[in-house]
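A quick write-up on the structure given underneath.
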Amino acid sequence: MSLAGKQILLVIGGGIAAYKSLDLIRRLRERGACVRPLMTAAAQQFVTPLAVGALSASHVYTDLFSREDEQDVGHIRLARECDLIVIAPATADLMAKMANGLADDLATAALLARDKQVLVAPAMNPRMWENPATKRNVACLKADGIAFIGPMRGEMAESGEAGLGRMAEPLEIVGAIEDMLSARSRPLQGKKAIVTSGPTHEPIDPVRYIANRSSGKQGHAIAEALARLGAEVTLVSGPVTLADPAGVNVIHVERAEDMRDAVLNALPADIAVMVAAVADWRVADASTHKIKKQPGEGPPALVLAENPDILATVGHHQARPRLVVGFAAETQNVSVNGRAKLERKGADLIVANDVSPETGIMGGERNSVRLIYREGEESWPELSKADVAAKLAEKIAAMLGNA
């Protein structure tokens, strides 16, 4: 979606996540938005007004008592001359001030004087997010009509701790902004979607496993893109290091059999997008103890059994979704292998890509895909995985509408 002509007041709070605000500004301006930045005193300890001003191509507002900015009651003007106010990152301190109506600096004064919607992207230590005081403040802000994106699960940059507290990624925030400012209908509203993502880990023994190479980045991005178009999304994710996408019900699994069971339990659905790189084989009788090397003996024989074919199971199921999409990661003959998979698995669409090592797609940030239908195919240029996801979600909505 284009944000051309939209005025965004971006309030940057004081936390290490403030560095992400620079990328957020870039992403918003790529989509045509005009970004007017407002930085708290603490934010300036993490990123400089010079960097923020250079990226936004705008004056950076920092001081409630600025003779230049406040000669026409600048904090009132900032709060009114915008389409949306975004706070990223929003610290526990800033949210506490908002919840209690304090106005002791430019940011809080502008927020108190606002007449526009506000989107908050919290970022803080997990213990701070779980603190009862923060919970009360968040509940109060939500009751006041403030919208939230995140926080997400992940490792904290400043402490090495992991948990709920990471700021949403810039593209996730952009998606939430687009949703709030969009006047268009949500074409997948009322539709139910199932997405699989990541690898599966098939145990050999308690410390070793068989797996495919997959970061889960593309599958997670697709789940979030479908949710932005209004779908109720269940994401069945293998072991990944990614935060759970916003607005998505996530089921975490390890093995292919667990993934199959979770997918079948999520039926019926309107849409199934099988992105996960499921291991084709598992050890038929995994050891309950670590297999030790024995002097003078070779490696133990591993008897393999075939894993369930989740895409084929869904494609031929009695409760088959109206639209079944599969992914084909190939290293050669992409079109031929993709079309054979389309017919064999009972899919409506195969998204095929070349994952040869030289492409850098596996684990990378970009993707180049070929869409294969029964009636033909189309190739897309190389895009970010987030853009592939957004474009594919729009394609799915169109196909479901035509069906």
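The values are calculated or read from the model by the stated rules, or taken from the named source; none is laboratory data. As the structure is a computational prediction, the values presented were derived from the model and not from experiment. All Cβ positions, glycine included, derive from the backbone under ideal geometry; neighbour counts span all protein chains shown.
Checked against (1) closer than 21 Å to Glu30 by Cβ; (2) modelled with pLDDT of 90 or more, Phe46 passes all but condition (1).
Per-residue answers, yes or no, for (1) in contact with a helix residue (DSSP H, G or I) (Cβ under 6 Å, 6 or more places away or on another chain); (2) of a type in the set (Lys, Arg); (3) modelled with pLDDT of 90 or more; (4) part of a strand (DSSP E or B):
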{"residue": "Val11", "(1), (2), (3), (4)": "yes, no, yes, yes"}
{"residue": "Tyr19", "(1), (2), (3), (4)": "no, no, yes, no"}
{"residue": "Leu50", "(1), (2), (3), (4)": "no, no, yes, no"}
{"residue": "Ala54", "(1), (2), (3), (4)": "no, no, yes, no"}
{"residue": "His59", "(1), (2), (3), (4)": "no, no, yes, no"}
{"residue": "Asp72", "(1), (2), (3), (4)": "no, no, no, no"}
{"residue": "Ile85", "(1), (2), (3), (4)": "no, no, yes, yes"}
{"residue": "Met95", "(1), (2), (3), (4)": "yes, no, yes, no"}
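Summed over the stretch 243-279, residues that are touching a residue at least 60 places away in the same chain (Cβ under 8 Å) and outside any strand (DSSP E or B) total 15.
Every residue, every condition in (1) at pLDDT below 90; (2) closer than 29 Å to Gly230 by Cα, yes or no:
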position	(1), (2)
Thr108	no, no
Ala113	yes, no
Pro132	no, no
Val138	no, yes
Asp144	yes, yes
Arg153	yes, yes
Met156	yes, no
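Inspect all residues belonging to the stretch 312-322 and state whether any of them is farther than 30 Å from Leu267 by Cα, of a type outside the set (Val, Ile, Thr), without any contact (Cβ under 8 Å) to a residue 24 or more places away in the chain and assigned by TED's automatic domain parsing to the domain that holds Arg255. No, the stretch 312-322 has no match at all.
Just checking, which of Arg67, Arg77 is more than 30 Å from Met128 (Cα to Cα), part of a helix (DSSP H, G or I), modelled with pLDDT under 90 and more than 29 Å from the chain's Cα centre (by Cα)?
On the way: Arg67 fails: part of a helix (DSSP H, G or I).
The match here is Arg77.
Pull up the stretch 286-321, narrow it to residues that are surrounded by fewer than 15 Cβ atoms within 10 Å (Cβ to Cβ) and of a type in the set (Val, Ile, Thr), then point me to the one that is modelled with the highest pLDDT. Filtering the stretch 286-321 for residues that are surrounded by fewer than 15 Cβ atoms within 10 Å (Cβ to Cβ) and of a type in the set (Val, Ile, Thr), the one modelled with the highest pLDDT comes out as Val303. Within the stretch 172-194, the residues that satisfy the criterion of being modelled with pLDDT of 90 or more and among the aliphatic types (A, V, I, L, M) are Ile173, Val174, Ile177, Leu188, Ala193, Ile194.
If you take the residues of the stretch 327-338 that are assigned to a helix (DSSP H, G or I) and over 29 Å from the mean Cα position of the chain (by Cα), which of them is nearest to Ala276 (Cα to Cα)?
Of the residues in the stretch 327-338, the ones assigned to a helix (DSSP H, G or I) are 334-338.
Narrowing the set further to residues that are over 29 Å from the mean Cα position of the chain (by Cα) leaves 336-337.
Numbers: Val336: 21, Asn337: 17 Å.
So, considering only residues that are assigned to a helix (DSSP H, G or I) and over 29 Å from the mean Cα position of the chain (by Cα), the one nearest to Ala276 (Cα to Cα) is Asn337.
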